[in-house]
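Only one structure is covered here, and it is reproduced in the block below.
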Amino acid sequence: MENLSETKKKPVNAPLIETIKKKKEKFNCKPTPAFIGASWTALFIGMVSYCIGLWNATMWLNEKGYYFTILLFGLFSVVSVQKSVRDKLEGIPVTDIYYGISWFTTIVSILLLVIGLWNSDMELSEKGFYGMSFMLSLFAAVAVQKNTRDVKFQERKLVEDE
């Protein structure tokens, strides 16, 4: 019984804790060049393929404008969501109304695309193409925005450390 109580009272290994703290401080959240390149490539491919599809589509010009505007609206919305989420994470004040509007507009842009495709007379393969290229573009825009923030954060951290 005495041995068991003695082991419970032993202090934690202090040098081990210091080593763990130093490793955490050295953590580099800067994205790799490969991930940055992949994100930009995905954004470019998604946007360009969506726009080429619109250019070659046999629909009225006002329909093309509708789908193009949804793409721009969606891209801006997801960048706003990513920025406001990151600002909150870094302790930068973000109003609840801006945060809410960013999420609302992101959801609305996706719903508008779904409603437009649902009611269109396009082939199912065309609808899938627009849906997939739209979602690829939105995801890639979030990744590009995140990478940009991470790189700027690291640059700012380097300046502060010097």
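Of all residue pairs spaced 6 or more apart or on separate chains, those with beta-carbon atoms under 7 Å, a first member in region 107-122 that is over 12 Å from Gly74 (Cα atoms) and without any contact (Cβ under 8 Å) to a residue 24 or more places away in the chain and a second member that is among the aromatic types (Phe, Trp, Tyr) and not in a loop (DSSP other than H, G, I, E, B) are Leu117/Tyr130.
Out of curiosity, is Val94 in contact (Cβ under 8 Å) with a residue 60 or more places away in the chain and more than 18 Å from Asn119 (Cα to Cα)?
Values: in contact (Cβ under 8 Å) with a residue 60 or more places away in the chain: no; more than 18 Å from Asn119 (Cα to Cα): yes.
When the stated conditions are applied, Val94 does not pass them.
Here Arg156 fulfils each of the conditions (1) in contact (Cβ under 8 Å) with a residue 12 or more places away in the chain; (2) farther than 23 Å from Phe68 by Cβ; (3) charged (D, E, K, R) apart from (1). One residue stands out in region 73-91 among those that are surrounded by fewer than 12 Cβ atoms within 10 Å (Cβ to Cβ) and not charged (D, E, K, R): the one that is nearest to Asn119 (Cα to Cα), namely Leu89. For region 81-107, the set of residues classified as of a type in the set (A, V, I, L, M) and under 17 Å from the mean Cα position of the chain (by Cα) consists of Val81, Val85, Leu89, Ile101, Ile107, listed by residue number. In a residue-by-residue description of region 146-153, the property of being of a type in the set (A, V, I, L, M, F, W, C), under 25 Å from Ala34 (Cα atoms) and out of contact with any strand residue (DSSP E or B) (no Cβ under 6 Å at 6 or more places or on another chain) applies to at least one position.
Might you let me know whether region 89-99 holds any residue that is under 16 Å from Phe68 (Cα atoms) and modelled with pLDDT of 95 or more? Among the residues of region 89-99, not one is under 16 Å from Phe68 (Cα atoms) and modelled with pLDDT of 95 or more, which makes the answer no. Scan region 114-128 and give yes if some residue there is farther than 26 Å from Pro31 by Cβ, acidic (Asp, Glu) and part of a helix (DSSP H, G or I), otherwise no. Checked region 114-128: at least one residue is farther than 26 Å from Pro31 by Cβ, acidic (Asp, Glu) and part of a helix (DSSP H, G or I).
Return a yes/no flag: does region 117-133 have any residue that is under 25 Å from Met59 (Cβ atoms), surrounded by 12 or more Cβ atoms within 10 Å (Cβ to Cβ) and touching a Lys or Arg at 6+ places or on another chain (Cβ under 6 Å).
Our first condition is that a residue be under 25 Å from Met59 (Cβ atoms); within region 117-133, this holds for 117-133.
Narrowing the set further to residues that are surrounded by 12 or more Cβ atoms within 10 Å (Cβ to Cβ) leaves 117, 120, 122, 126-133.
Then drop every residue that is not touching a Lys or Arg at 6+ places or on another chain (Cβ under 6 Å), which leaves 117.
The answer is yes; a qualifying residue exists.
Among the conditions (1) surrounded by fewer than 14 Cβ atoms within 10 Å (Cβ to Cβ); (2) farther than 30 Å from Thr32 by Cβ, Val108 misses just one, which is (1). A single member of Lys83, Lys88, Lys30 is under 29 Å from Val151 (Cα atoms) and either part of a loop (DSSP other than H, G, I, E, B) or in contact with a His (Cβ under 9 Å, 6 or more places away or on another chain) (or both), and it is Lys30.
Being closer than 17 Å to Gly74 by Cα and charged (D, E, K, R) is the filter here; which residues of region 128-162 pass it? Within region 128-162, just Lys146 meets the criteria.
Before we move on, is Leu138 of a type in the set (A, V, I, L, M), over 13 Å from Gln82 (Cβ atoms) and surrounded by 15 or more Cβ atoms within 10 Å (Cβ to Cβ)? When the stated conditions are applied, Leu138 does not pass them.
Output yes when any residue across region 73-85 is of a type in the set (Gly, Ala, Ser) and either more than 22 Å from Val142 (Cα to Cα) or free of Cβ contacts under 8 Å to residues at least 12 places away in the same chain (or both), and no when none is. No, the conditions are met nowhere in region 73-85.
The values are calculated or read from the model by the stated rules, or taken from the named source; none is laboratory data. Since this is a predicted model, take the numbers as computed values, not measurements. Here the Cβ is made from the backbone with ideal geometry for all residues, glycine too, and neighbour counts use every protein chain on show.
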